[in-house]
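The block underneath contains the structure these notes are about, expressed in structure tokens.
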Amino acid sequence: MVIIDYLQLIENPRKGEPRHIEVAGISRTLKQLTMQLNISIIALSQLNKEPEGRTNKKIYLSDTRESEAITQDADYVIFLYRPSIYWDDERDYISLAKNRHGTMIDKIHLNYNQPYNRYEEV
């Protein structure tokens, strides 16, 4: 398994193209690499600022920054949703926003363990 912390920091050798096209090329290359080497790749990606402007702070697939190709190429898209930042009475959860091989899972509640900076299953 390979974990990429922040997909948008990968440089594309085809400089000079618009950034969303560069990111799409990187995403496609990673998808091909998973199939050629038969490995899993987890790529963390930044979101755009749209969810901050929404009253419910909900995250959608269209919120991936710089390229919708990221969500098109991915087999799974998982969002970490932290309503506890905005409202004290709500619990953090992850949401399986895309599952190419099964059903969607709206919410899996988590507890944030602040001293260890990690999430734990409820």
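In the stretch 8-47, of all residues being among the polar types (S, T, N, Q) and under 13 Å from residue 74 (Cβ atoms), the one that is farthest from the chain's Cα centre (by Cα) corresponds to 34. The helices (runs of 4 or more DSSP H) found wholly in the stretch 3-122 and carrying at least 3 residues that are in contact with a Leu (Cβ under 9 Å, 6 or more places away or on another chain) and surrounded by 12 or more Cβ atoms within 10 Å (Cβ to Cβ) occupy 19-37, 69-73.
Here, each number is a calculation from the coordinates, and none is a lab measurement. These numbers were taken from a predicted model, which means no experiment stands behind them. With ideal geometry, Cβ positions are generated from the backbone for all residues, glycine too; neighbour counts draw on all protein chains shown.
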